[in-house]
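S.K.: I am attaching a structure below and will ask some questions about it afterwards.
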Amino acid sequence: MTTITLHPDFRVGTIDRRVFGSFVEHMGRCVYTGVYEPGHETADEHGFRGDVAELTKELGVTMLRYPGGNFVSNYVWEDGVGPVEDRKPFLDLAWRTVEPNLVGTDEFLQHCERQGIEPMMAVNLGTRGVDAAVALLEYCNGEAGTKWADMRIANGREKPYGVKLWCLGNEMDGPWQIGHKDAHEYGKLAASTGRAMRQVDPSIELVACGSSSMMMDTFGEWERTVLSYCYDVVDHISMHAYYEEMDGDRTSFIASGTAMATFIERVAASADAIGAQRRSDKQITISFDEWNVWYLFSRFVGETNLPIQRDAPRIIEDRYSGLDAVVVGDMIVSLLSHADRVAIGCLAQLVNVIAPIMTEPGGAAWKQTTFHPFATAARLAVGDALQVRIDGDTMATKKHGDVPTVTAAATIDPETGALALFVTNRTAEEQVVTLRTPGADTRIEGGTAVLADHEGAREDQAAAEAYGMVDALPVSHEEGTVTLRLAPESWTAFHGTMRG
Ligand code: AHR
């Protein structure tokens, strides 16, 4: 038996809506035949697929990171601007794919603008440095009268884009990264690049690369060293995490959200240690700019084993099960319950590449199972995250030790009193949960759930398309408490009101 207790006055922090971001990398079919496919029957006049744009809107994506990912670490952004007929293809070394340069900075930023989505740009700190980063920022945000801003204007875009969010490279701790650096080299470069970029536009927010996963040998020391160089320059430190079921260890996999929460708390502690040492009042927040389920070790052949390919090859087009959707929901619980530290989140990636949205060239776009928990949370999680106290059982896992059988995050909209409660049942049995809200009148009006029990969705597109949210099991209200039923291995989003 689990009890969840909420109090309207006990809040973690305001949800930064940028936590519902996603990621568009020039990789596989994310861009070409993903977001962009001129000639497709739904394509707009700019070549972007209308069916994908519609699904992106339904998914509730608030922000998009671009253009990589590993891709950015060998990208020459200048080759992707100007008249398309003059642009030359280049061999992207990260994914060993010929990049045609048909979509570049202007196409992407204008697409974001048309969709009402905030862009997050990454600069190449693998093969390039301060110079190229500053030039790109000036190209995007500069006013007329300087070289790069005038180039943008000559390319047909008068008004600066005003891009606020900038990543200082990508996964620079990873030996697979083109131009990989050690923490001292990267920390110095991130600091000098960030400082120079602020000279162009002081209003930007900068993200330093943290660890590519908590399992990196350099984890902890990387954050400490990098932030010792750039604590005063950057606003956020990045985190990346991908989880998968390995060796049939379903129990550890379904508890991935706990590993993610631990990772967040450790990175926050590392950043705070540097802040404390400096007697700084500044707090570095987290940009969790790549997270998802990815069958990286069990299905991916590895970057170096990829043949050189053209024409948007199918790379890591993972198909997802019901269990994967439950795990994605549980990871959203971890992001929301750390609203005081996590400012940015990107479900990686948006289309085709480990993505909630899939397409066929010339064919339809469709939703994977993981679409549903993200879209539901993006719609309901508004306002402040509430502190959630959970009293209940734990279960043993091989990878993460003892973890709670039920996890939850809750949000309240201070304007309307709208309450959202997101709850994961990690056990194979139905669970009855008592929701207590002392000092508040709470009504749960309904709920929808994703269930693990749909293995077919991974194997079969029709089964994946038939997958969706189901009504949550009945709820009863009594004096001061609400009783909720959670289906076995499920993630449920309840909605209602809470008034103090
Ligand atoms: O999202 C796929 C890849 O995963 C990204 O390019 C890289 O940053 C990460 O390793």
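The values are calculated or read from the model by the stated rules, or taken from the named source; none is laboratory data. Just so it is clear, the structure is predicted and the values come from calculations on it, not from any experiment. Counting neighbours? That spans all protein chains shown, and the Cβs are built from the backbone with ideal geometry, glycine included.
S.K.: Test Val12 against the stated conditions and say whether it is in a helix (DSSP H, G or I) and under 26 Å from Ala378 (Cβ atoms).
M.R.: Taking the combined requirement at face value, the residue does not satisfy it.
S.K.: Going through segment 162-179 one residue at a time, which ones are closer than 20 Å to Glu221 by Cα, more than 10 Å from the ligand (Cβ to nearest atom) and surrounded by fewer than 18 Cβ atoms within 10 Å (Cβ to Cβ)?
M.R.: Scanning segment 162-179 gives a single hit, Pro175.
S.K.: When both residues are 6+ apart or on different chains and their Cβ atoms are under 8 Å apart, which pairs have a first residue that lies in segment 170-199 and is in contact (Cβ under 8 Å) with a residue 12 or more places away in the chain, and a second that is within 16 Å of the ligand (Cβ to nearest atom) and among the basic types (Lys, Arg)?
M.R.: Qualifying pairs under 8 Å: Met172/Lys181; Leu189/Lys181.
S.K.: Being in contact with a Pro (Cβ under 7 Å, 6 or more places away or on another chain) and charged (D, E, K, R) narrows it down to one of Asp384, Asp413, Asp460, so name that one.
M.R.: One residue alone meets the criteria, Asp384.
S.K.: Can you tell which of Gly220, Gly194 is in the same structural domain as Ala348 (by TED's automatic domain parsing) and in contact with a Leu (Cβ under 7 Å, 6 or more places away or on another chain)?
M.R.: On inspection, the qualifying residue turns out to be Gly194.
S.K.: Collect the residues in segment 237-252 that are more than 16 Å from the ligand (Cβ to nearest atom) and either without any contact (Cβ under 8 Å) to a residue 12 or more places away in the chain or crowded, with 19+ Cβ neighbours inside 10 Å (or both), keeping them in residue-number order. If you could, list the steps in order and put the result at the bottom.
M.R.: Residues of segment 237-252 that are more than 16 Å from the ligand (Cβ to nearest atom), as a first pass: 245-252.
Passing the criteria: Glu245, Asp247, Gly248, Ser252.
S.K.: Can you tell me how many residues within segment 184-223 are of a type in the set (Gly, Ala, Ser) and either surrounded by fewer than 24 Cβ atoms within 10 Å (Cβ to Cβ) or over 23 Å from the mean Cα position of the chain (by Cα) (or both)?
M.R.: Looking only at that region, the number is 7.
Conditions tested, residue by residue: (1) more than 21 Å from Ile286 (Cβ to Cβ); (2) surrounded by fewer than 24 Cβ atoms within 10 Å (Cβ to Cβ); (3) within 13 Å of the ligand (Cβ to nearest atom).
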| site | (1), (2), (3) |
| --- | --- |
| Gly21 | no, no, no |
| Thr33 | yes, yes, no |
| Pro38 | yes, yes, no |
| Gly50 | yes, yes, no |
| Val61 | no, no, no |
| Gly68 | no, no, yes |
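S.K.: Do we find a residue being among the hydroxyl-bearing types (Ser, Thr, Tyr) and touching a residue at least 60 places away in the same chain (Cβ under 8 Å) anywhere in segment 473-483?
M.R.: No; the residues of segment 473-483 include none that is among the hydroxyl-bearing types (Ser, Thr, Tyr) and touching a residue at least 60 places away in the same chain (Cβ under 8 Å).
S.K.: To continue, here is another question. Residues of segment 290-317 being surrounded by 19 or more Cβ atoms within 10 Å (Cβ to Cβ) and without any contact (Cβ under 8 Å) to a residue 60 or more places away in the chain, which ones?
M.R.: Trp291, Tyr295
S.K.: Is it the case that some residue within segment 318-327 is more than 16 Å from the ligand (Cβ to nearest atom) and either more than 27 Å from Thr407 (Cβ to Cβ) or aromatic (Phe, Trp, Tyr) (or both)?
M.R.: No, because not a single residue in segment 318-327 is more than 16 Å from the ligand (Cβ to nearest atom) and either more than 27 Å from Thr407 (Cβ to Cβ) or aromatic (Phe, Trp, Tyr) (or both).
S.K.: Pick from segment 369-410 the residues that are outside any strand (DSSP E or B) and among the aliphatic types (A, V, I, L, M): which of them is farthest from Phe10 (Cα to Cα)? Can you show your working first?
M.R.: Taking segment 369-410 as the starting set, the residues that turn out to be outside any strand (DSSP E or B) are 369-383, 387-388, 392-393, 398-400, 405.
Filter once more, so that each one left must be among the aliphatic types (A, V, I, L, M): 375, 377-378, 380-382, 388.
Numbers: Ala375: 26, Ala377: 21, Ala378: 22, Leu380: 19, Ala381: 16, Val382: 16, Val388: 9 Å.
Filtering segment 369-410 for residues that are outside any strand (DSSP E or B) and among the aliphatic types (A, V, I, L, M), the one farthest from Phe10 (Cα to Cα) comes out as Ala375.
S.K.: Let me confirm something: among Ala271, Ala196, Ala259, which residue is of a type in the set (A, V, I, L, M), touching a His at 6+ places or on another chain (Cβ under 7 Å) and more than 16 Å from the ligand (Cβ to nearest atom)? Step through it out loud before you land on a result.
M.R.: Numbers: Ala271 fails: touching a His at 6+ places or on another chain (Cβ under 7 Å); Ala196 fails: touching a His at 6+ places or on another chain (Cβ under 7 Å).
Within the list Ala271, Ala196, Ala259, the selection yields Ala259.
S.K.: Now a separate question. Looking at this structure, is Thr359 within 25 Å of Tyr242 (Cβ to Cβ), of a type in the set (Ser, Thr, Tyr), surrounded by 21 or more Cβ atoms within 10 Å (Cβ to Cβ) and out of contact with any strand residue (DSSP E or B) (no Cβ under 6 Å at 6 or more places or on another chain)?
M.R.: Answer is no for this residue.
S.K.: Hey, which of the strands (runs of 3 or more DSSP E) in segment 190-309, taking only ones fully inside, have at least 1 residues that are of a type in the set (Phe, Trp, Tyr)?
M.R.: By residue number, 236-243, 285-293.
S.K.: Examine segment 342-359 for a residue that is within 13 Å of the chain's Cα centre (by Cα), closer than 17 Å to Arg11 by Cα and away from the ligand (no atom under 16 Å from the Cβ), and state whether such a residue exists.
M.R.: yes
S.K.: Ala493 - would you say it is in a helix (DSSP H, G or I) and either surrounded by 14 or more Cβ atoms within 10 Å (Cβ to Cβ) or touching a strand residue (DSSP E or B) at 6+ places or on another chain (Cβ under 8 Å) (or both)?
M.R.: Numbers: in a helix (DSSP H, G or I): no; either surrounded by 14 or more Cβ atoms within 10 Å (Cβ to Cβ) or touching a strand residue (DSSP E or B) at 6+ places or on another chain (Cβ under 8 Å) (or both): yes.
Taking the combined requirement at face value, the residue does not satisfy it.
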